[in-house]
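Here the structure is laid out as structure tokens; the discussion comes afterwards.
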Amino acid sequence: MTLKSFWGLDQKEIDLLQPKPRPTITEWAPDNLYLPRQESPEMPGYFNFDYSPYLRQPADDLCDHYTREVWIQAILQGSKSTLGNIWLAYIILVNPNHTMICMPDENTVKRRMKTRLQPLFKANPKLLEAIGGRVGNLNIGEPTVVDWMNLYIGWSHSPSIMSDVPVCNIIADEVALFIMGLAKDVSPIDLLRGRQKRFPENSKFLGLSSPKLAGDLFDKEFRQGLIHKYYLQCPVCERYFTDSPENFAEILIIKKDEHNEFFEPRAYENDRDGRLAWFICPLCHAKLNEPERAYATQKGIWVPDGCTINEHGKIIGQIPASTKKSYKITTFALHPKWQPLNKLASMFVYAQLSLKAGNRQPLQNFRNNHQGETWEIKEKITKPNLLKKRIEKYQAGFVPYIGNKKELFIHLTAIDCGYEQQPVLDFCRSTESPIIAVRGDPKLTNRSNRLVNEKNKGPIYHLNVNVIKDRVYRLFFESDKPGPSYAHVHADILTEYFEHLSAEDRQSFQKGGSYISEWKLKSEHLPNHLLDCTVYATEAAEISGLWSLPNVPGVQFLDCGIDVHIDHVWAVVIGWGYMAECWVIWEGRLETGDVKNLDQSSILHDFLRRPWPVWTGEQKTEVRRQQSEGRRQRTEGRGQSQYLVDDWNNRAKV
């Protein structure tokens, strides 16, 4: 018996009574969601999956009843946040239920609200109508009433997240940047999941982020899901392949010069014809242009771990059942419009050249933001005996290999103002020598320094000391042969210098839900003053324009790093050459008197103004005589500090 025969209904009435099938996100978004220019600067308009085909399967998983969590690890401009906004609009207009959006911090929430959420609601009349016709009705930290649901927008340790409010759907954006906040023993992800306990049958969780460190909060959550990799189809051989850190160099081919060295990054960026960099299929080795690369992306297929794919695009193997699915969006999954090959090659070369010069930060940024891979931090162990092989014949206080010049002056000095700020700033203003005030800043993460003009104090360079110590480690412990990023030391090097330089190791430890890696003292109260001086001198070279030096041998300019204490300073003078090759010229302690009167210290003023002579063979006898006199004075009980002052005076006379 049918409805028509039992109730006497016609077909139109029956169609009205029957529930309408709910469209999936991929069916609904192209015809119903308009992306404003703020959301899609290159292509505003109705969303088109053809430019982000890798979003189709994750989007449909959010409509799958069996799937509970979807985690996406993506590169920059990988449309991960766009997927979050599409799902939010779908929830409001198609499948309303209480929803929470969580971001790393309050500033990020305010910025996203202004630049992405409010423009999205303005551009879509139905969304705007759902919140009362005004984007000002969107609240931060307080519930926003949206038709049949509540919308909560907060950050990882905000009151709205910490409070016990039931929600069905959660969008967690940039999870790798989440901080622990008030609940140090509880992951913010676990707090968010706790809000979904009242919705055991239909709750959904979308976790989004660019990767950061291996083993951090996001990486752990991502690896717990069934990981999918995006396989591209070669338009030439029609077989499928995927990219990984292991075969990255097999897919992106970068041409070098006749000396097997990279060209300057700008040369690759200006190469729009594929002469210096090109994309190839790792299976048939066919060279693919940008339209062919776009074809490979559009024909891509997600393949779960434990399975393979044949030449017909069929997944081979048993797909494991999982309620938590993870998707890794890497470099070559992006459409060439969003990731041009010339810019990708330029960034890769810049990262490699920086690594060669002792700076790992650009390579970490490239791996995180352009390869979509986590960065694994290895502990760095420093040993004093490794430094002895770097000792050379030139004597302390002399500059080797500078051509026809007879002497050099210090080009730039970086002096620490963290211990006594005002006396140091007064000294900087009083001296005629080029000098900058510096201090460590633990909040600085994405670059090595930041110039801050503090009110009524003056300019101070804030330093990311962990990044700079990585460079120092590469200069003195990793580089094994003279050349780029190699540190030489003079024949009279103090044993204290080796001890100070090896006083710290880079150690990894867990802090809250994240893994932190920092340089720490091997034991409490171990002296590291000359290490600090070397850090300051290294960053002074960076600020001085180290990377613009021509390719000529030897020292091209001198820099100095100074660590200030209550009645003395430690100082290190370093000479720099092409590609961060460096020579330690002088190291030691200067008795400057009370730090409150540092600007009146003639010893320090004279030290910074003095000329540093070029090393020649004729000076060897005189220098050795001065060294012998210094050792004699030290054995007579005058002490190490006084010896260093005498030693500096003796070197200055020569």
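The values are calculated or read from the model by the stated rules, or taken from the named source; none is laboratory data. From a predicted model like this one, the values you see are computed outputs, not experimental measurements. So basically every Cβ, Gly included, is an ideal-geometry build from the backbone, and we count neighbours across all protein chains shown.
Where in the range 433-514 are there strands (runs of 3 or more DSSP E), lying fully within it, with 2 or more residues that are touching a residue at least 40 places away in the same chain (Cβ under 8 Å), under 19 Å from Ile377 (Cβ atoms) and in contact with a Phe, Trp or Tyr (Cβ under 6 Å, 6 or more places away or on another chain)? The qualifying strands (runs of 3 or more DSSP E) are 504-511. Could you tell me whether any residue of the range 163-170 is modelled with pLDDT of 90 or more and within 30 Å of Gly300 (Cβ to Cβ)? Yes, there is a match, as at least one residue in the range 163-170 is modelled with pLDDT of 90 or more and within 30 Å of Gly300 (Cβ to Cβ). I'd like the full set of residues that are under 12 Å from Val535 (Cβ atoms) and among the polar types (S, T, N, Q), limited to the range 438-464. Within the range 438-464, Ser448, Asn449, Asn464 meet the criteria. Scanning the range 374-397 for any residue that is hydroxyl-bearing (Ser, Thr, Tyr), within 19 Å of Trp519 (Cα to Cα) and assigned to a loop (DSSP other than H, G, I, E, B) turns up at least one such residue. Might you check whether a residue that is closer than 21 Å to Asn139 by Cα, at pLDDT 90 or above and in contact with a strand residue (DSSP E or B) (Cβ under 9 Å, 6 or more places away or on another chain) occurs anywhere in the range 74-81? Yes, there is a match, as at least one residue in the range 74-81 is closer than 21 Å to Asn139 by Cα, at pLDDT 90 or above and in contact with a strand residue (DSSP E or B) (Cβ under 9 Å, 6 or more places away or on another chain).
Residues in the range 542-580 that are more than 22 Å from Arg610 (Cβ to Cβ) and either outside the structural domain of Arg610 (by TED's automatic domain parsing) or not in a loop (DSSP other than H, G, I, E, B) (or both): Glu542, Leu546, Trp547, Ser548, Tyr578, Met579, Ala580.
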